[in-house]
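Enquirer: Before anything else, here's the structure in question.
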Amino acid sequence: MEEILAFRLLVLDLDGTIVDSRLQVSPRVRAALKKAIDAGVRVTLASGRPFHNMRPFANDLGIRDPVICYQGAVVQDPGSGEVYFHCGVPLHLAREFIDVVRGHGWDLCLFLDDRLYAERITPLVRYYAEYSPIKEQLNPVADLKALLSHEPTKLVVVSEAEQAAMVNDLLRVHFWGRLRIVRSFPRFVEGTSLAASKGQALSFLAEKLGVTQAETMAIGDNDNDTDMIAWAGLGVAMGNASAAVKAVAGYVAPSIEEDGAAEAIERFILEQSHA
């Protein structure tokens, strides 16, 4: 008799969940993911990273299902590159965002057609571009607003860590109810469409794959994972997760240093498949 697994779709955040500060995935996490995939579970990734930056992680881990990119603004197939969902920043809001950032003198870059653009190639912007196993190609332009013939996928303010909380708060107040503002890393504050979030993208993907909400399991650590963790049938917060993520999680796993994602996969997926 064929076994029925409780969870048919597993979605994992990358940084702080399965990817450590050295941009590495531990052997235990790799083994757990392979066993889950071999057991027939659909496994995917959800990150604020752009598609071309997530694709190497997916390929390295043997993930074939569509990945959730750009904080949920894009759902894309890591094999064929086919885009199943895209939700850009409305042009008038993108231009307003640029004006606000210019007014404060902050460092800004944006993604358009999966390419990274910036007016000023500063050390902070270079830091953002290089925060990846595959360094982003920076495309300098004289005027970001003039570049925007159609909707960008994401805008990113890069600041020193001690300033980022203030940047995040100011932008959230200014664009409240109009844009989704998230602090994805200590130095990065990102602006995306209100219709773009990991939770909404997960709901879309589950429906596309024919998986019910109850059959989904999501693991994450940062505030931008909160609605994904809340939506999943089982939301798992890492031990190093923010208070917001832990507050909506059904289970708190050990930290990334303790292979918390692997522990959760072993407990709720692999043990169940052998029950």
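Please treat every number below as a calculation from the coordinates, not as lab data. Note that the structure is a prediction, hence the values are computed from the model and not measured. Using ideal geometry, Cβ is built from the backbone for each residue, glycine included, and neighbour counts are taken over all protein chains shown.
Enquirer: Please give the Cα centre distance for the range 136-153 versus the range 236-275, rounded to the nearest Å.
Expert: That distance is 39 Å.
Enquirer: Could you list LEU209, LEU108 so that the one with the fewest beta carbons within 10 Å of its beta carbon is first and the one with the most is last?
Expert: Ranked by crowding around the Cβ, least crowded first: LEU209, LEU108.
Enquirer: Can you tell me which of 99-105, 202-208 comes out highest on packing, and rank the rest after it, using the mean Cβ neighbours within 10 Å?
Expert: Packing proxy ranking, top to bottom: 202-208, 99-105.
Enquirer: Out of LEU116, LEU179, LEU91, whose Cα points farthest toward the positive end of the dipole of the range 91-193 (charges: +1 Lys, Arg; -1 Asp, Glu; placed on Cβ)?
Expert: Projecting each Cα onto the dipole axis, the largest value belongs to LEU179.
Enquirer: Let me ask something else about it. Under unit Cβ charges (Lys, Arg +1; Asp, Glu -1), what dipole magnitude, rounded to 20 debye, does the chain have relative to its Cα centre?
Expert: Computed charge dipole of the chain: roughly 400 debye.
Enquirer: Next question. Give the residues of the range 138-169 whose amide nitrogen is closer than 18 Å to a point set 7 Å from the Cα of ARG126 in the direction of its Cβ.
Expert: Within reach of a label on ARG126, which here means backbone N under 18 Å from a point 7 Å along Cα→Cβ, the range 138-169 contributes 138-141, 158-161.
Enquirer: Sticking with this one: Among LYS34/LYS135; LYS34/LYS208; LYS208/LYS246, which pairs are too far apart, with a Cα-Cα distance over 25 Å?
Expert: Those over the limit are LYS34/LYS135; LYS208/LYS246.
Enquirer: Still on this structure, please answer the following. Rounded, prolate or oblate: pick one for the range 57-142, where a ≥ b ≥ c are the square roots of the eigenvalues of its C-alpha gyration tensor, a/c under 1.5 means rounded, and failing that, prolate if a/b is larger than b/c, else oblate.
Expert: Here the range 57-142 falls in the oblate category.
Enquirer: Can you work out ³J(HN,Hα) from phi for every residue in the range 209-221, in order, using Karplus 6.51 cos²θ - 1.76 cosθ + 1.60 and θ = phi - 60°, giving whole Hz and x for Gly and Pro?
Expert: Rounded to whole hertz, the list is 8, x, 10, 7, 4, 5, 8, 9, 10, 10, 10, x, 9.
Enquirer: Now, a different point. For the chain, take the longest principal axis of its alpha carbons; what is the angle in degrees between that and the long axis of helix 91-104, to the nearest 10 within 0 to 90?
Expert: Long axis of 91-104 versus the principal axis of the chain: about 70 degrees.
Enquirer: For LEU209, put the label point 7 Å out on the Cα→Cβ axis and report which residues of the range 8-39 keep their amide N under 15 Å from it.
Expert: What the label zone holds, given the 15 Å backbone N cut-off, is 8-14, 33-39.
Enquirer: Work out how much length GLU151 to GLN272 would gain on full extension: take 0.36 nm times their residue separation and subtract the Cα-Cα distance, in nm to one decimal.
Expert: Between GLU151 and GLN272, full extension yields an extra 39.2 nm.
Enquirer: Using the count of nearby Cβ atoms within 10 Å as a rough guide to exposure, how do VAL173, VAL182, VAL25, VAL236 rank from fewest to most?
Expert: VAL173, VAL25, VAL182, VAL236
Enquirer: Classify the range 225-275 as rounded, prolate or oblate from the Cα gyration tensor: take a ≥ b ≥ c as the square roots of its eigenvalues, call it rounded if a/c is under 1.5, otherwise prolate when a/b beats b/c and oblate if not.
Expert: It is oblate, given that a/c is not under 1.5 and a/b is not larger than b/c.
Enquirer: Also, I was wondering about something else. What ranking, highest mean first, results for peptides 28-35, 142-149 when packing means the other Cβ atoms within 10 Å averaged over each residue?
Expert: Going by the mean number of other Cβ atoms within 10 Å, highest first, we get 28-35, 142-149.
Enquirer: Could you please rank VAL83, VAL211, VAL157, VAL41, placing first whichever residue has the fewest other Cβ atoms within 10 Å of its Cβ?
Expert: VAL83, VAL211, VAL41, VAL157
Enquirer: Can you compute the label reach from GLU257? Point 7 Å from Cα along the Cβ direction, backbone N cut-off under 18 Å, restricted to the range 20-38.
Expert: Within reach of a label on GLU257, which here means backbone N under 18 Å from a point 7 Å along Cα→Cβ, the range 20-38 contributes 20-29.
Enquirer: How far is helix 161-174 tilted off the main Cα axis of the chain, in degrees rounded to 10, range 0 to 90?
Expert: The helix 161-174 is inclined about 80 degrees to the chain.
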